[in-house]
Amino acid sequence: MSELLYRATNLTKRYEERTVVDVASLEIERGEILALVGPSGAGKSTLLRLLALLEAPTSGSLQFQGVEVAMGGARPSLAMRRQLTMVFQRPLLLNRNVTANIEYGLRLRGLKAKERVAQVLEQLGLTDLARANARNLSGGEAQRVSLARAMVLETPILLLDEPTANLDPYNVSLIENAIRSINQQRAATVVIVTHNVFQARRLAHRTALLLDGHLVETLPTEAFFNAPDDARTAAFVRGDMVY
Amino acid sequence: MFGKSLIEALRLILQADTALANVIAVSLQVVGISLVIASALGIPLGIFLGLKRFVGKRLVIALLYTGMGFPPVVVGLFVYMLLSRSGPLGQLGSPLVPALYSTGAMIMAQIIISFPLVAGFTMAAVLGLDSHLRLQLHALGATSWQALWTMLVEARVGVLIAVIAGFGSIISEVGAVMMVGGNIEGSTRTLTTAIVLETRKGEFSMAMALGLILLLISFIANAAMLRLQGKALDQ
Ligand SMILES: Nc1ncnc2c1ncn2[C@@H]1O[C@H](COP(=O)(O)OP(=O)(O)OP(=O)(O)O)[C@@H](O)[C@H]1O
Ligand SMILES: [Mg+2]
């Protein structure tokens, strides 16, 4: 059942002279929902971009489905990259209407899939906005379109960077339900970055804390919240961590 | 005098002779070919400078900015010296090198004058895109070419302005074109050089007729490019 999807060992990412990510060990299994939490600037988005095979690590090893993709390894192939989708923290929508934005990734693959588009629009409460230009959307609407654009691709792996940061409670639960159903119905693997520890608790099978680029610990969500090994995890969960 | 010249100018346009038609044809040919080549060089260069990091990029950009404001007459002088019979290119006698006093020489000068403008404005348009956009497109499964194309489409308003700026510099050019083309009737006389000539001769009506035609061509070309830009402006 449990198949290893990612294995990162001593994985680092440096920008100029600054080491932003320095993860000693992280393993992600197929079919799980993993939440990455941590304060602003901890390197969550950077780690996610590494997992999305978008940037080359500075050093260390990153195995994706058993293939080394870090320094010295293979350059990730298109087929490999198309198994995953990442939704960026800022919704980077194209200057077209909502439907065209959602169809974008399908078009890249030479697909049409009209029903899938309609279904995703419906699922994220965007049907009425289908013809609206993406530039005129509110922050929360744009964020949902950005998520829809990724979900419609039905990739086995979904990497989400703060997908509910701009949303009201109703839309937060809409999106959490969507994530849950992707995970349950298609056994998709989801890595979700969030500031919100409660969201991690509601959604994730396992939760990891990132501090200053280091992975403090990765635990089953229950243990992460109730009996963490590290004092810093306990402090972060209580909300009184001094950064 | 102005009003009378204007009426006379309109009459001249309406009964255009072959000499006038020829001047217009040469102008359109030089402007069209120069703009296509300047865009074909400038747009990719602008995209490249907007996206890639490499050693010496600052120097290239500094040179580009210099090129954007470079006096066309100096470019004319430069091309003149290159192409003259004793110049480094003229000496080769190659069929690829245009002769001095030909439309080819004028096109060469026009390209050198206008492509830095196209490249510079394209670069600015690309730099205006979100720095994460390319990665987001890759994350949605785009190949490098697909991502590049999408970014060009996203920057379309700016890229079109780059082309319009290039067009403006080409269609209004006189000095360099006069130097390397020679303003020869029937072969290298363009609208701008003909205006200079007619004005010197005191033929104000003719000069004005030519000026009106130039204005019209410029307006039609820009209106066409604006149509291309189309919806992007309405939203
Ligand atoms: N391309 C880059 N060049 C230089 N520094 C960068 C780059 N990307 C990120 N950084 C720096 O790396 C650090 C970590 O950034 P990252 O975006 O990964 O943080 P984060 O945990 O996602 O924060 P937030 O919760 O605020 O989104 C930050 O200090 C940031 O300034
Ligand atoms: Mg972030």
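The values are calculated or read from the model by the stated rules, or taken from the named source; none is laboratory data. What you see is a predicted model, and the numbers here were worked out from it, not measured in a lab. For neighbour counting, all protein chains shown are included, and Cβ atoms are generated from backbone atoms with ideal geometry for every residue, glycine included. The protein model used for the area step is the full one, side chains on, heavy atoms only, and it has no ligands, DNA or RNA in it. Shrake-Rupley method; radii C 1.70, N 1.55, O 1.52, S 1.80 Å.
Restricting attention to segment B:75-98, and to residues there that are closer than 16 Å to B:Gly182 by Cα and hydrophobic (A, V, I, L, M, F, W, C), which single residue is nearest to the chain's Cα centre (by Cα)?
The first filter runs over segment B:75-98 and keeps only residues closer than 16 Å to B:Gly182 by Cα, leaving B:75-85, B:98.
Now narrow it down to the ones that are hydrophobic (A, V, I, L, M, F, W, C): B:75, B:77-79, B:81-83.
Numbers: B:Val75: 14, B:Leu77: 18, B:Phe78: 18, B:Val79: 16, B:Met81: 21, B:Leu82: 20, B:Leu83: 20 Å.
Here the answer is B:Val75.
Counting just the residues of segment B:47-101 that are open to solvent by 90 Å² or more (accessible area, probe 1.4 Å), of a type in the set (Ser, Thr, Tyr) and within 30 Å of B:Glu185 (Cα to Cα), which one comes out modelled with the lowest pLDDT?
B:Ser86
Can you name the residue in segment A:128-160 that is at pLDDT 95 or above and farther than 18 Å from A:Tyr104 by Cβ and, of all such residues, is farthest from the other protein chains (Cβ to nearest Cβ)?
Among them, the one singled out is A:Asp128.
Taking the criterion of being part of a strand (DSSP E or B), within 21 Å of A:Leu51 (Cβ to Cβ) and over 14 Å from the mean Cα position of the chain (by Cα), would at least one residue in segment A:153-174 satisfy it? I'd like the intermediate steps shown before the answer.
Our first condition is that a residue be part of a strand (DSSP E or B); within segment A:153-174, this holds for A:157-161.
After this cut, where a residue has to be within 21 Å of A:Leu51 (Cβ to Cβ) as well, the list is A:157-161.
Subsequent filtering for residues that are over 14 Å from the mean Cα position of the chain (by Cα) retains none.
No: segment A:153-174 contains no residue that is part of a strand (DSSP E or B), within 21 Å of A:Leu51 (Cβ to Cβ) and over 14 Å from the mean Cα position of the chain (by Cα).
What are the residue pairs meeting all of these: first residue in segment B:110-132, first residue hydroxyl-bearing (Ser, Thr, Tyr), second residue more than 16 Å from ligand 1 (Cβ to nearest atom) and part of a helix (DSSP H, G or I), Cβ atoms under 6 Å, and 6 or more apart or on different chains?
Short answer, once both residue conditions are applied: B:Ser114/B:Ala38; B:Ser114/B:Gly166; B:Ser114/B:Ser169; B:Ser114/B:Ile170; B:Thr122/B:Ile43; B:Thr122/B:Gly46; B:Thr122/B:Val159; B:Thr122/B:Ala162.
For segment A:24-53, how many residues are open to solvent by 30 Å² or more (accessible area, probe 1.4 Å), within 14 Å of ligand 2 (Cβ to nearest atom) and either of a type in the set (Asp, Glu) or touching a helix residue (DSSP H, G or I) at 6+ places or on another chain (Cβ under 7 Å) (or both)? Lay out the reasoning, then the answer.
Here is the first cut: in segment A:24-53, the ones open to solvent by 30 Å² or more (accessible area, probe 1.4 Å) are A:24-25, A:27, A:29-30, A:40-41.
Adding the requirement that they be within 14 Å of ligand 2 (Cβ to nearest atom) leaves A:40-41.
Subsequent filtering for residues that are either of a type in the set (Asp, Glu) or touching a helix residue (DSSP H, G or I) at 6+ places or on another chain (Cβ under 7 Å) (or both) retains none.
Qualifying residue count for the region: 0.
For residues that are under 14 Å from A:Glu154 (Cα atoms) and within 19 Å of the chain's Cα centre (by Cα), tally how many sit in segment A:90-103.
First pass over segment A:90-103, keeping only residues under 14 Å from A:Glu154 (Cα atoms): A:102-103.
Among the residues that remain, those that are also within 19 Å of the chain's Cα centre (by Cα) are: A:102.
Total satisfying the criteria: 1.
Any residue that is open to solvent by 20 Å² or more (accessible area, probe 1.4 Å), touching a strand residue (DSSP E or B) at 6+ places or on another chain (Cβ under 8 Å) and over 25 Å from A:Ile102 (Cα atoms) - is there at least one of those in segment A:181-195? Give the derivation first.
At the first step, the residues of segment A:181-195 found to be open to solvent by 20 Å² or more (accessible area, probe 1.4 Å) are A:181, A:184-187, A:195.
The next check asks that each one be touching a strand residue (DSSP E or B) at 6+ places or on another chain (Cβ under 8 Å); those that pass are A:195.
Still in the list and also over 25 Å from A:Ile102 (Cα atoms): A:195.
Yes, there is a match, as at least one residue in segment A:181-195 is open to solvent by 20 Å² or more (accessible area, probe 1.4 Å), touching a strand residue (DSSP E or B) at 6+ places or on another chain (Cβ under 8 Å) and over 25 Å from A:Ile102 (Cα atoms).
Could you grab the pairs with beta carbons closer than 6 Å, sequence gap of 6+ or different chains, first residue in segment A:1-23 and within 16 Å of ligand 2 (Cβ to nearest atom), second one small (Gly, Ala, Ser)?
A:Val20/A:Gly43; A:Val20/A:Gly213; A:Val21/A:Gly43; A:Val21/A:Gly213; A:Val23/A:Ala8
What is the residue count in segment B:199-235 for residues that are open to solvent by less than 30 Å² (accessible area, probe 1.4 Å), at pLDDT 90 or above and not in a helix (DSSP H, G or I)?
So the answer is 0.
Open to solvent by 10 Å² or more (accessible area, probe 1.4 Å), at pLDDT below 95 and at positive phi, is that true of A:Ala74?
On the way: open to solvent by 10 Å² or more (accessible area, probe 1.4 Å): yes; at pLDDT below 95: yes; at positive phi: no.
Judged against the criteria, A:Ala74 is not a match.
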